1. What number of residues in the range 222-237 are of a type in the set (Gly, Ala, Ser) and either outside the structural domain of residue 255 (by TED's automatic domain parsing) or not in a loop (DSSP other than H, G, I, E, B) (or both)?
2. Taking into account only those residues within the range 181-203 that are modelled with pLDDT under 95, out of contact with any Ser or Thr (no Cβ under 8 Å at 6 or more places or on another chain) and under 22 Å from residue 234 (Cβ atoms), which is surrounded by the fewest Cβ atoms within 10 Å (Cβ to Cβ)?
3. Go through the range 183-201 residue by residue and tally those that are outside any loop (DSSP other than H, G, I, E, B) and on the phi > 0 side of the Ramachandran plot.
4. All but one of (1) in contact (Cβ under 8 Å) with a residue 40 or more places away in the chain; (2) more than 17 Å from residue 274 (Cα to Cα); (3) touching a helix residue (DSSP H, G or I) at 6+ places or on another chain (Cβ under 8 Å) hold for residue 180, so report the exception by its number.
5. Condition check: part of a loop (DSSP other than H, G, I, E, B), out of contact with any Pro (no Cβ under 8 Å at 6 or more places or on another chain), at pLDDT 80 or above and among the basic types (Lys, Arg). Does residue 57 satisfy that?
6. Among the residues of the range 226-254, write down those that are within 24 Å of residue 291 (Cα to Cα) and either surrounded by fewer than 18 Cβ atoms within 10 Å (Cβ to Cβ) or of a type in the set (A, V, I, L, M) (or both).
7. Pairs please, first residue from the range 102-114 and under 17 Å from residue 92 (Cβ atoms), second anywhere and of a type in the set (Val, Ile, Thr) and not in a helix (DSSP H, G or I), Cβ atoms under 9 Å, 6+ apart in sequence or on different chains.
Amino acid sequence: MVRIMGQIDQKKDRIQSRLLHAVLSITIVSLGCLLIVYSSGCGAITTPSLPDPAEFKDGDIIWPKKPGTMVPYFTAGDTGVYEDSKKRWEDEKEKFIQSIRDNPNVSDYERKAAEQLEKTSFEEFMALYFGEGADWRAYAFNYHGDSTELRQYGFDFPLPIHIGHVGMIFIKNGVPWVVDAVLPWVRIVSYADWLKQYQGASVWHGRFKNLNPENNYEEIVKKACEQKDRPYSLFNRNLDDEREFYCSKLIWFSVFKVTGIALDGDSNPERLFWYTPKQLMNSEEHIKMIHNPGDY
């Protein structure tokens with residue numbers, strides 16, 4: 001056990017070193033998630049590529065990403081910004097955990113989620129949430145396809161996990177609008193204004209398929225729009241809890257409430273980890289891509 005813990009500590013140090021030296025710069029996007037930009041560009045496209053707005057329909061899904069970046073991505077190699085981000089994450093983590101401690105009516109799920117989060121360091125969160133394939137799992141946790149070692153330290157969710165941002169399109173008087181969850185709340189904004197906030201970004205465009213009942217996209221949009229002004233929270237991971245939202249949770253919630261379909265195949269909304277925009281994009285059973293600029 002001592003040897004294993006020592007290996008994990010060493011790997012944590014390597015994770016932090018790799019993140020700090022592989023990255024060009026650090027920023028925090030409006031959804032409150034951290035993103036990483038590598039100097040190699042990761043083979044991504046180099047110029048923005050946008051969908052044709054005339055192709056948009058109610059309920060369509062859009063994902064923005066800057067050219068030359070990889071999801072996840074950071075910007076600017078400032079270790080001070082990294083430490084600030086780590087402190088902000090740890091402060092929010094403690095705030096969430098304290099709210100559970102102070103709640104005499106807390107559910108078993110919320111207690112379990114807080115207990116797992118309490119055991120999770122910022123570096124472990126980064127390695128899981130920013131994972132990009134099996135090499136990251138092995139690098140971070142000596143993971144070789146068997147989750148026994150992960151469960152030994154409180155991790156029992158599927159890997160890898162990825163991030164990004166996502167919004168839902170709807171058409172109003174012939175003009176496309178977007179409903180999405182960003183700090184500090186769920187908002188409704190014209191697509192033109194939404195695009196200005198992601199200036200220079202490419203946009204991936206997807207459409208739901210195999211939903212039952214069919215042709216219910218207006219109802220899905222309506223459910224999403226009903227959440228307008230609900231607070232944003234990355235730490236509320238219950239996908240059926242309408243008190244707070246993050247971007248991909250809003251999409252999952254709206255589809256589930258209207259159709260009863262879980263976009264990731266897991267109808268239990270009480271998650272111990274996040275359902276992310278990249279997972280949504282990779283849901284081939286329920287998403288078909290209309291405009292695909294390349295790897296997201």
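The values are calculated or read from the model by the stated rules, or taken from the named source; none is laboratory data. Quick caveat: nothing in here was measured; it's all calculated off a predicted structure. Here Cβ is always computed from backbone atoms with ideal geometry, including for glycine, and neighbour counts include all displayed protein chains.
1. 1
2. It comes out as 184.
3. Qualifying residue count, the range 183-201: 0.
4. (2)
5. Answer is yes for this residue.
6. The answer is 250, 251.
7. Filtered contacts from the range 102-114: 114/106.
Listed here are the residues, each with its yes/no results for (1) modelled with pLDDT under 95; (2) closer than 29 Å to residue 114 by Cβ.
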{"site": "245", "(1), (2)": "no, yes"}
{"site": "249", "(1), (2)": "no, yes"}
{"site": "252", "(1), (2)": "no, yes"}
{"site": "264", "(1), (2)": "yes, yes"}
{"site": "268", "(1), (2)": "yes, yes"}
{"site": "285", "(1), (2)": "yes, no"}
{"site": "288", "(1), (2)": "no, no"}
{"site": "294", "(1), (2)": "yes, no"}
